[in-house]
Amino acid sequence: IRPFPRVQFDAFCDVFSFRWLRYRINTPGFGTECQVQLSYKPSRDVELNIRFRYESKAVNAYSGNEPFVPIVYPVRKSIRTHLSMKLNNHFSFRSRVEYLIVESPKNLSESGNMISADLHYKPLMKPISANVRLLYFETDSYESRLYAYENDMLYTFSIPIINGKGIRYYLNLNYDFNKKVSFWLKWSQTLFSHMISTQSYFHSNVGKRMSELKFQIILRY
C-alpha cells in the first residue's frame with residue numbers, strides 16, 4: 001500500500017502446519033508468522049524502513065525428566081530499522097538496528113540485539129569494488145539468536161547465526177583483471193566477550209575468536 005508519495009506499507013501473515021517431524025520438533029506442529037513494514041524514501045539516494053515481526057511455532061521443550069518430550073510454542077517478536085544512503089558515485093552506507101524478545105510458555109523471556117554499519121565502494125567503470133561491515137551483538141542464549149545477511153563472493157551467500165556477545169566484522173574485495181579473469185576475497189572475524197564452543201561439519205572449536213578466509217578465482221574461456 002502506498003498511502004502517500006515516498007511512503008510504502010507492506011504486510012503479510014502466514015499460518016502453517018506440518019504433518020511430520022521437523023528440526024527441533026518430534027511431532028507434527030503448526031505456527032504463525034506475521035510481519036509489517038513501513039518504508040520512507042525521501043529521495044532516490046536515501047531510504048529508511050521500520051519492520052515489526054511476530055513468529056510462533058512448535059519446538060521441543062527439553063527438560064530431561066519427562067518420558068516424552070513436551071511441545072511448546074515460544075513467541076519471537078522483533079523490531080528492526082534499516083537505513084540506506086548513497087553518499088556519492090563511489091560510496092554507499094547502510095546501517096541496521098534490531099531488537100528481539102523471546103517469550104516462553106514458562107513466563108521466561110530473553111532478548112537479543114545487534115547494530116551494524118556497512119560501507120560499500122563501487123566506482124563507475126572501475127575494475128575494483130569492496131565492502132566492509134562492523135557489527136555489535138548481544139543475546140541471552142541461542143533461543144534469542146539473530147540472523148544477519150552478509151555480502152559474499154560471486155554465486156554464494158552467507159546468513160550467519162548471531163549468538164552470544166561480541167563484535168563481528170568482514171571485508172569483501174573484488175577485482176576484475178580483465179574480461180576473462182576475476183578475483184574475490186573475503187575475510188571475516190567474530191570476537192566474543194567470553195569463551196564459547198563452535199561446531200560445524202568440518203571442525204569443533206572452543207575459544208573467543210572465530211576467523212574465516214575465503215577467496216575465489218573465475219576464469220572465463
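The residue that is most open to solvent (accessible area, probe 1.4 Å), among those in the range 188-221 that are modelled with pLDDT under 85 and aromatic (Phe, Trp, Tyr), is TYR201.
Can you pull out every residue in the range 137-168 that is among the hydroxyl-bearing types (Ser, Thr, Tyr) and either open to solvent by less than 70 Å² (accessible area, probe 1.4 Å) or farther than 22 Å from TYR121 by Cβ (or both)?
Filtering the range 137-168 for residues among the hydroxyl-bearing types (Ser, Thr, Tyr) gives 139, 141-142, 144, 147, 149, 155-156, 158.
Once the filter is applied, which keeps residues that are among the hydroxyl-bearing types (Ser, Thr, Tyr) and either open to solvent by less than 70 Å² (accessible area, probe 1.4 Å) or farther than 22 Å from TYR121 by Cβ (or both), the range 137-168 yields THR139, SER141, TYR142, SER144, TYR147, THR156, SER158.
Quick check on the range 116-127: of everything there that is at pLDDT 95 or above and hydrophobic (A, V, I, L, M, F, W, C), which residue is farthest from LYS165 (Cα to Cα)? This residue is LEU119. Of all residues in the range 168-187, those being under 20 Å from the mean Cα position of the chain (by Cα) and at pLDDT below 95 number 0. Within the range 116-136, the set of residues being among the aliphatic types (A, V, I, L, M), more than 17 Å from LEU83 (Cα to Cα) and open to solvent by less than 70 Å² (accessible area, probe 1.4 Å) comprises ILE128, ALA130.
Tallying residues that are more than 30 Å from ALA61 (Cα to Cα) and not β-branched (Val, Ile, Thr) within the range 89-148 yields 26.
Residues are listed down the side, and each one gets a yes or a no for (1) open to solvent by 80 Å² or more (accessible area, probe 1.4 Å); (2) of a type in the set (Lys, Arg); (3) modelled with pLDDT under 90:
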site	(1), (2), (3)
ARG53	no, yes, no
ASN60	no, no, yes
ARG76	no, yes, no
LYS86	yes, yes, no
PHE93	no, no, no
GLU98	no, no, no
SER109	yes, no, yes
MET114	no, no, no
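Within the bounds of the range 78-85, is there any residue that is free of Cβ contacts under 8 Å to residues at least 24 places away in the same chain and either farther than 20 Å from ASN49 by Cα or of a type in the set (A, V, I, L, M) (or both)? Let's see the steps before the verdict.
First pass over the range 78-85, keeping only residues free of Cβ contacts under 8 Å to residues at least 24 places away in the same chain: none.
Scanning the range 78-85, I find no residue that is free of Cβ contacts under 8 Å to residues at least 24 places away in the same chain and either farther than 20 Å from ASN49 by Cα or of a type in the set (A, V, I, L, M) (or both), so the answer is no.
Yes or no: the range 37-59 includes at least one residue that is in contact (Cβ under 8 Å) with a residue 40 or more places away in the chain and acidic (Asp, Glu). Yes; the residues of the range 37-59 include at least one that is in contact (Cβ under 8 Å) with a residue 40 or more places away in the chain and acidic (Asp, Glu).
The values are calculated or read from the model by the stated rules, or taken from the named source; none is laboratory data. Only a predicted model underlies this, so the values are computations on that prediction, with no experimental measurement involved. Note that we place each Cβ from the backbone using ideal geometry, even for glycine, and neighbour counts take in every protein chain shown. Quick note on the areas: whole protein, heavy atoms, side chains included, nothing else; ligands and nucleic acids left out. Shrake-Rupley method; radii C 1.70, N 1.55, O 1.52, S 1.80 Å.
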